[in-house]
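Asks: My questions will all concern the structure given below.
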Amino acid sequence: MTITEVATGVEMRDHVLIEMSDGVRLSARIWLPKTDQPVPALLEYLPYRKGDVTAPRDAQRHPWYAAHGYASVRVDMRGSGDSEGVMHDEYTEQELRDAVEVIEWLADQPWCDGSVGMFGISWGGFNSLQVAALAPEPLKAIVTVCSTDDRYADDVHYFGGGVLGVDMLGWATTMLAYTARPPDPARLGERWKDLWTQRLNALEPYLDTWLSHQERDDYWRHGSVCEDYGAIKAAVLAVGGWADPYRNAVFRLVENLPCPVKGIIGPWCHQYPDIQREPGPAIGFLQETLRWWDHWLKGVPTGVTEEPAVRAWMQDSVRPATRYATRPGRWVTEPSWPSPNVSELRTPLRAMLSRDAVGTDPVPVATPQHCGIDAGRYFPYGNPADLPPDQREEDGRSVCFDTAPLDEHVAILGFPAATLRVRASGPANVIVRLCDVAPDGSSTLVARGCLDLRRRAGMDRTVDLDPDETIDVNVAMTAIAWEFPPGHRIRLSVSTSYWPWVWPYPVAADVELHVDGSELVLPVRAVDAPSAPVHFEPPEQAPPMAVVFHGTDGPEREVRYTPQTGEWQLSVDPNYGGSRSYPDGLEFNERVRETYSIRSSDPSSASCGSDWAIQLRRPGWDVRIAVSARMAVDDGDFVTTHQLTTTLNDEPVCQRAWNRRIPRPGSLPA
């Protein structure tokens, strides 16, 4: 352990080892206020390497909390960063048991007064909820950002029951690349290589596990706090962003948790709301959470219990773009959720205009396989190419229904949906998109949803389709706040493909949409609905770490079309941060490329790949890691391949390969 004064009145203790009941030790970095009085502790618990990957972000918030009277703690999970042990998957029982032990350890320290809060974004937001459901006595409150209460519904694996092309493989490969990285010898000394070898020998691709559970079974129920909302006793502040795929959970948590709970949803991407990443505006998120911690951990009356149940950024209509520095709009509040200010507006598709449905019913929906190429990123990080561009080309590949130009403003808040009457000759996905169409014809994506028709009776079961049966299905879309202005049209687009978001079945089914009996359902917020004043301070953080970022090479997002073969290829750099130099002398280099390809007329041609090249370097220490993964379909089965190569100072250390075939239940061979 090393102790450093990082700010006036704040010291940092680095590489503090917390021993678990089985003897494995987890590495912690602890920021403490210099005081003789014990203080509450705040825990952020992640696999993303506090020594390098999250170090710049950690430096912005943990010292800030310490300066405001908290012991702020960042722990590397078992098998990650500088901690001992191995990681086998995400959100395992071991991960959660370790977290409970860490919380109990924190509460027992002489510098802690026995009260603990937990916070995090994404993985850290997930496990904050999951640990809260285990109800360790010292845990009094959590702040969960960009997370979900239902691991099957909202994470990077499935979308409406459909297998995700992006980011099922992409994120699984990301985690393989993370878990293959070694501990840092600058902190571990000579033990680092033994721990690294143990990790490398234990590695298994997460992708194969996720694909082995294509229904919402016990694997996905574990860690999904929606299975028992009542288990959570700690106060919950749930935060999301309209540009983030996990925003749905905020409404569900506010609606269902019996414990104290509040929700905030802004315009943000998959980032903390105080970080200046697009789209803004950013808010003083640390100050807002301090109000939460002060009330629940210190008993200071800060007014958080009097806040509205939901504070949401009502987005104004905008022209389509892949980036917005700031999303115009305003804050609105709801006293509860569901809200008395929001009512359901059902519009029959027969009452909407459609070039495809004139004079015919049912309407065939025969979508080219590259529909979805303009979907944008699954979870945007605030990069220039993240958001979906103009949807006119996607609309042209779909069956579309438009309202007449609006006479007045129409604001929606909540979950849009489409109830559709369809017939399908075989397994098929149905995708719906809600768009804001301006008078000039530009089409801005508002919300979207998917349903694998075999999951129509529930995500936990597969029900085959009778090709002679017409069925009624509800296709829920992601939650949104949006105001359509007068003169604009509201468009519902229906398709049977959405690559690379949704993996197609290898044989395209014949799908018919019955216009009569189908409706668009909108959660309309009353024009005269009252809103309480909303005020957030400007963003405030601790001084940044002196990290030099070197960026990435090549285009962030590139689409190529080969007319003679009909192949479309999307190439993506997820740009998680790129290469950088740290003030402690660590040089970190990272190159990532994801590729997704499909031929317009052949769903069985879908394939995707992910390639990582990583280097961690100090004088006399040069580690290189290469990870390559592929996913395709053969005779209806998913086929996955993974390769891992590691070297130390140009000498081979480990080379591993995995080749798997995973059945897709109910799929027909090509």
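Read-outs throughout are calculated quantities, based only on the coordinates presented, and are distinct from any laboratory measurement. The shown structure was predicted, so the numbers you read here are calculated from the model rather than taken from an experiment. Ideal geometry is used to build each Cβ from the backbone, glycine not excepted, and the neighbour counts take in all protein chains shown.
Asks: If I stretch the segment between GLU393 and THR565 completely, what's the gain in nm (0.36 nm per residue apart, minus their alpha carbon distance), one decimal?
Replies: On the way: separation 172, 0.36 × 172 = 61.92 nm, distance 1.98 nm.
Roughly 59.9 nm would be gained on extension.
Asks: Divide by every residue of the chain the summed helix terms, -39500 (n - 2.57) for each DSSP H run of at least 4, and state the resulting mean residue ellipticity at 222 nm, rounded to the nearest 500 deg cm²/dmol.
Replies: Details: 12 runs with 108 residues, N = 670.
Only helices count here, giving -4500 deg cm²/dmol.
Asks: Could you estimate the translational diffusion coefficient of the chain from the Stokes-Einstein equation, with Rh from the Kirkwood formula over C-alpha pairs, at 4 °C and 1.567 mPa s, in whole µm²/s? Walk me through the numbers before you get to the answer.
Replies: Details: Rh = 25.9 Å.
Estimated via Stokes-Einstein, D reaches 50 µm²/s.
Asks: Fewest first, what order do TYR65, TYR272 take by the number of other Cβ atoms within 10 Å?
Replies: On the way: TYR65 27, TYR272 23.
Fewest-to-most ranking of TYR65, TYR272: TYR272, TYR65.
Asks: Exposure proxy check: CYS608, CYS654 ranked by fewest other beta carbons within 10 Å? Mind showing how you got there, number by number?
Replies: Numbers: CYS608 25, CYS654 17.
With the sparsest Cβ surroundings first, the list reads CYS654, CYS608.
Asks: Over the chain, what is the mean sequence separation of C-alpha contacts under 8 Å (at least six apart), divided by residue count, expressed as relative contact order in percent?
Replies: Numbers: 1744 pairs, mean separation 79.0, N = 670.
Reported as a whole number, the value is 12 percent.
Asks: Are there GluC sites (Glu not before Pro) in the range 384-448 that DSSP marks as loop and that have at most 15 other Cβ atoms within 10 Å, and which are they? Don't skip to the answer; put the middle values down first.
Replies: Values: sites: GLU393, GLU394, GLU408; in loops: GLU408.
Answer in residue order: GLU408.
Asks: Further question on the same structure: Need one word for the range 85-207: rounded, prolate or oblate. Basis is the Cα gyration tensor (sqrt eigenvalues a ≥ b ≥ c); a/c below 1.5 gives rounded, then a/b vs b/c decides. Please report the intermediate quantities before stating the final value.
Replies: Numbers: a/c = 2.52, a/b = 1.09, b/c = 2.30.
Note, shape of the range 85-207 comes out oblate.
Asks: Here's something else I'd like to know. Can you bin every Cα-Cα distance in the range 455-496 into 10 Å intervals starting at zero and give me the percent of pairs per bin, rounded to whole numbers?
Replies: With 10 Å bins starting at 0, P(r) equals 17, 38, 25, 16, 3.
Asks: At a 10 Å Cβ-Cβ cut-off, how would you order CYS400, CYS259, fewest neighbours first?
Replies: On the way: CYS400 24, CYS259 17.
The order, fewest Cβ neighbours first, is CYS259, CYS400.
Asks: In the range 64-185, what % of DSSP beta bridges are antiparallel (nearest 5)?
Replies: 25
Asks: Between GLU587 and ARG656, what is the spin-label point distance in nm, taking each point 7 Å from the Cα along the Cα→C-beta axis?
Replies: Reported label-point gap for GLU587 and ARG656 is 2.8 nm.
Asks: Could you tell me the relative contact order of the range 129-258? Use alpha-carbon pairs under 8 Å, at least six residues apart, and round to a whole percent. Walk me through the numbers before you get to the answer.
Replies: Numbers: 161 pairs, mean separation 56.9, N = 130.
After rounding, I find 44 percent.
Asks: Between the range 527-592 and the range 199-251, how many Å separate their Cα centres?
Replies: If you average the Cα positions of each part, the centres end up 23 Å apart.
Asks: Over all alpha-carbon pairs of the range 1-105, lay out the pair-distance distribution in 10 Å bins, whole %, shortest bin first.
Replies: Here the calculated profile for the range 1-105 is 16, 49, 29, 6, 0.
Asks: On to the next question. Looking at the calculated P(r) for the range 357-457, what percent of the C-alpha pair distances fall above 17 Å?
Replies: 62
Asks: In addition: Please compute the Kirkwood hydrodynamic radius of the range 244-341 from all pairs of different C-alpha atoms, in Å with one decimal.
Replies: Details: mean 1/r = 0.0676 Å⁻¹.
In the range 244-341 this quantity evaluates to 14.8 Å.
Asks: Measuring from centroid to centroid over Cα atoms, what is the spacing of the range 10-39 and the range 109-183 in Å?
Replies: Measuring centre to centre over Cα atoms gives 21 Å.
Asks: Let me ask something additional. Could you tell me the calculated FRET efficiency between ARG461 and ILE3, based on Cβ-Cβ distance and R0 = 41 angstrom, to the nearest 0.05? Mind showing how you got there, number by number?
Replies: Values: r = 56 Å, r/R0 = 1.36.
Given R0 = 41 Å and the Cβ-Cβ separation, E is 0.15.
Asks: Take the Cα pairs of the range 136-211, get the Kirkwood Rh, then feed it into Stokes-Einstein at 20 °C and 1.002 mPa s and tell me D in µm²/s.
Replies: Numbers: Rh = 15.3 Å.
Estimated diffusion coefficient is 140 µm²/s.
Asks: State the extension gain, in nm to one decimal, for the chain segment bounded by HIS222 and GLU93, taking 0.36 nm per residue of separation less the distance between their alpha-carbons.
Replies: Numbers: separation 129, 0.36 × 129 = 46.44 nm, distance 0.84 nm.
Taking 0.36 nm per residue and subtracting the Cα distance, the gain is 45.6 nm.
Asks: While we're on this one: Label the range 157-266 by shape, choosing from rounded, prolate and oblate, from the square roots a ≥ b ≥ c of the eigenvalues of the Cα gyration tensor; if a/c is under 1.5 it is rounded, and otherwise prolate applies when a/b is larger than b/c, oblate when it is not.
Replies: Details: a/c = 2.22, a/b = 1.60, b/c = 1.39.
Note, shape of the range 157-266 comes out prolate.
Asks: Please compute the length gained on full extension between ARG191 and ARG346, using 0.36 nm multiplied by the number of residues separating them and subtracting their Cα-Cα distance. If you can, show how the numbers build up before the last one.
Replies: Numbers: separation 155, 0.36 × 155 = 55.80 nm, distance 6.40 nm.
Using 0.36 nm per residue and subtracting the Cα-Cα distance, I get 49.4 nm.
Asks: Something else about it: In Å and whole numbers, how far do the C-alpha atoms of the range 570-630 stretch along each principal axis, longest first?
Replies: Principal-axis extents of the range 570-630 (Cα, largest first): 53, 17, 8 Å.
Asks: Over the range 512-552, one equal point on each Cα, no solvent: what is log10 I(q)/I(0) by the Debye formula at q = 0.18, 0.25, 0.26, 0.29 Å⁻¹?
Replies: -0.82, -1.04, -1.05, -1.07
Asks: Let me ask something else. Amide H to amide H under 5 Å from VAL363: which residues, 5+ apart in sequence or cross-chain, H placed 1.01 Å off N in plane?
Replies: Excluding prolines and chain starts, which carry no amide H, the hits are LEU513, HIS514, VAL515.
Asks: While we're here: No solvent, one uniform scatterer per C-alpha: report log10 I(q)/I(0) for the range 342-525 via the Debye equation at q = 0.08, 0.14, 0.15 1/Å, two decimals.
Replies: -0.24, -0.75, -0.87
Asks: Still on this model: Past 26 Å, Cα to Cα: identify those pairs from LYS34/LYS233; LYS34/LYS193; LYS50/LYS262; LYS34/LYS262; LYS262/LYS298, in the order given. Don't jump to the answer; show the numbers that get you there.
Replies: Details: LYS34/LYS233 31 Å; LYS34/LYS193 36 Å; LYS50/LYS262 29 Å; LYS34/LYS262 32 Å; LYS262/LYS298 18 Å.
Long pairs (Cα-Cα over 26 Å): LYS34/LYS233; LYS34/LYS193; LYS50/LYS262; LYS34/LYS262.
Asks: Using the Kirkwood radius built from alpha carbon pairs, what does the Stokes-Einstein equation give as D for the range 517-670 at 37 °C and 0.692 mPa s, in µm² per second? Present the calculation step by step, with values, prior to reporting the outcome.
Replies: Working: Rh = 20.6 Å.
So the translational diffusion coefficient is about 159 µm²/s.
Asks: In addition: How large are Rg and Dmax for the range 51-130 when only the alpha carbon atoms are used, in Å?
Replies: 13.1, 37
Asks: Shifting gears a bit: May I ask for the distance between the Cα centers of the range 321-336 and the range 258-302, given as a whole number of Å?
Replies: If you average the Cα positions of each part, the centres end up 15 Å apart.
Asks: Once you sort the root eigenvalues of the Cα gyration tensor of the range 521-577 as a ≥ b ≥ c, which label holds: rounded (a/c under 1.5), prolate (a/b larger than b/c) or oblate (the other case)? Spell out each step's value before the answer.
Replies: Numbers: a/c = 6.86, a/b = 1.30, b/c = 5.29.
Oblate is the answer for the range 521-577, as a/c is 1.5 or above yet b/c matches or exceeds a/b.
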